[in-house]
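Before any comments, here is the structure.
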């Protein structure tokens, strides 16, 4: 009998035949071996399913689910996660490569937290290392909920979380991103930990999520900053509806939303907004927490001008 906790790996696929074999091999060769791999395929039209069944025939740790109709990114991950039976769950993209000690390292550092995130090293289509990391500035180890209000410090494929998180996170909101939601909930409970280590090789290619989002932004004639404020507005709305939201945190989020998207639309950029952001700068902008006072004012000025431009076009 294996006394080590079972770690489930939720992996979603869609037309991923080019890289899925390499990713699965990196998962199956982890130094931590008490794992199950739950794979949910979202109606792939290429050879992905045949590759998956080949692996499943060889490795009994793999469980396959094939969707009858396409669910899309968030709902497919929700389905895959719902089939996981482990005490801990890790998220996997279909086109990355995991370092062999990824699961072991995350398990050794999660302690009593609900969720642990990490960093990734960028690779190109051929797997060549690009000498860059996905997160270029260091985050503090313990982020609170405010650090998730204006940006998402968590990238799903870098994390490991306790299954008990799902009792608060499911069902997933219809809008927004699942990893942003998970991170906010863990941070809301002061149970989020960031490990400043690169444990994943994150592949940049034409069909990666980052590249697809860039094309979508271009198709709807959105600038990146406009897209950013759309996401902030969506996520703040979702967070305000969190059923376990503590009262003082609800007040802060509501105030932030009103100052950004209601008061500013009425009266333009105002000093109250600027001072509110400045007073909470280290938490709202955690990657910039060590910046000088002058640098902070410059960052906030750029942020407010971009917000004004966004509101003028909506």
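The values are calculated or read from the model by the stated rules, or taken from the named source; none is laboratory data. Bear in mind the structure is a predicted one, so any value in this text is a computation, not a measurement. Ideal geometry is used to build each Cβ from the backbone, glycine not excepted, and the neighbour counts take in all protein chains shown.
Quickly run through the stretch 274-287 and pick out the residues that are within 24 Å of residue 187 (Cα to Cα) and surrounded by 14 or more Cβ atoms within 10 Å (Cβ to Cβ).
Of everything in the stretch 274-287, those that are within 24 Å of residue 187 (Cα to Cα) and surrounded by 14 or more Cβ atoms within 10 Å (Cβ to Cβ) turn out to be 276, 277, 278, 280, 281, 282, 283, 284, 285, 286, 287.
Going by the conditions given, is residue 141 in contact (Cβ under 8 Å) with a residue 40 or more places away in the chain, in contact with a strand residue (DSSP E or B) (Cβ under 6 Å, 6 or more places away or on another chain) and not in a strand (DSSP E or B)?
yes
Take residue 106 and tell me if it is in contact with a strand residue (DSSP E or B) (Cβ under 6 Å, 6 or more places away or on another chain), surrounded by fewer than 20 Cβ atoms within 10 Å (Cβ to Cβ) and within 20 Å of residue 91 (Cβ to Cβ). So that I can check it myself, show each step before the final result.
Details: in contact with a strand residue (DSSP E or B) (Cβ under 6 Å, 6 or more places away or on another chain): yes; surrounded by fewer than 20 Cβ atoms within 10 Å (Cβ to Cβ): no; within 20 Å of residue 91 (Cβ to Cβ): yes.
For residue 106, the condition - in contact with a strand residue (DSSP E or B) (Cβ under 6 Å, 6 or more places away or on another chain), surrounded by fewer than 20 Cβ atoms within 10 Å (Cβ to Cβ) and within 20 Å of residue 91 (Cβ to Cβ) - is not met.
Being part of a loop (DSSP other than H, G, I, E, B), out of contact with any strand residue (DSSP E or B) (no Cβ under 9 Å at 6 or more places or on another chain) and over 23 Å from residue 32 (Cβ atoms) is the filter here; which residues of the stretch 44-101 pass it?
Selection gives 45, 46, 47, 68, 69, 70, 72.
Residues that are farther than 28 Å from residue 206 by Cβ and at pLDDT 95 or above: does the stretch 89-97 have at least one? First the steps, then the outcome.
Within the stretch 89-97, the subset farther than 28 Å from residue 206 by Cβ is 89.
Narrowing the set further to residues that are at pLDDT 95 or above leaves 89.
Yes, that holds for at least one residue.
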